[in-house]
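Have a look at the structure below before the remarks.
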Amino acid sequence: MSPITLDKLRHFYFNKYVVSLFARKRYYLSYSFKYEALWFRNYKVGTRTIDKHLKMNSEPTEYIYSSNVGYNPKQYEGYFKFAFVRNPVDRFISGWKDKVINQNYFGFDQETHNSMKDLKNFIKWVGQMDLENCDEHLRAQYSLIDLNNIDFIGRFENFEQDLRIVADKIGMPYDENLHLNSSGKKPLEISLDNRKAIQKLYRKDYRIFYPKDMIR
């Protein structure tokens, strides 16, 4: 059995089918056995671009885009562990546009779907959730990252430069032609009340990652 296959068994399958049964926290992990890197995925934060870089520079057995799993940090002491974050309001609006305006990802009935196209109504709906354990597109960012076991946190607002830092750290080629979805960087015009309401939902994300951007 090849070393890569052993890594896949030891890391991925063990986490998915054993550790996850007992883990208090689970994360959306991607494993790069080739570069010995562990990526804590945070959705609506350049996920497809990061995935493309890792996938195009790896053989199928060298990279796994995993589901929500538990893991044992001691297994990854030699791995470079990274994640990316985004201003919570911008991330929320991007998710709302993609998952509600452009599609009915959450499976609302027609009347409710029409109602959720009003941002204020969608904010109220999300406000009823446990934001540490809900859908990955709405989960608080701090709950998607093991903050006690992380080597680098990049910023969506500085994405290209920070992804290049990750690539340099793990020895992965960086392809400048793989760009973010351009719509993700357009200014987001919403009311001050809605902005404050979203900030209230994700106030811990602001305190940890974007304290200077909090509306006083």
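The values are calculated or read from the model by the stated rules, or taken from the named source; none is laboratory data. These figures come from a predicted structure and were not determined experimentally. We place every Cβ from the backbone using ideal geometry, glycine too, and count neighbours over all the protein chains shown. Side chains are part of the model used for accessible areas, which takes the heavy atoms of the whole protein and leaves out ligands, DNA and RNA. Shrake-Rupley method; radii C 1.70, N 1.55, O 1.52, S 1.80 Å.
At a glance:
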{"item": "Exposure rank, largest accessible area first [Tyr13, Tyr202; 1.4 Å]", "result": "Tyr13, Tyr202"}
{"item": "Net charge contributed by nearby residues that have their C-beta within less than 14 Å of Tyr27 (K/R +1, D/E -1)", "result": "+4"}
{"item": "P(r), alpha carbons of segment 61-138 - 10 Å bins starting at zero, rounded %", "result": "14, 39, 24, 17, 6, 0"}
{"item": "At least 15 Å along the helix axis (C-alpha) and Kyte average at least -0.5, DSSP helices within the chain", "result": "159-170"}
{"item": "Within the accessible area of segment 100-216 (1.4 Å probe), percent carbon and sulfur", "result": "44"}
{"item": "Under the Karplus curve 6.51 cos²θ - 1.76 cosθ + 1.60, θ = phi - 60°, whole-Hz ³J(HN,Hα) for segment 71-76, x wherever Gly or Pro sits", "result": "7, 9, x, 5, 5, 10"}
{"item": "Rounded accessible area per residue of segment 96-140, 1.4 Å, Å²", "result": "57"}
{"item": "Pairwise label distance in nanometres, Met214 with Glu77, each label 7 Å out on the Cα-Cβ vector", "result": "3.6"}
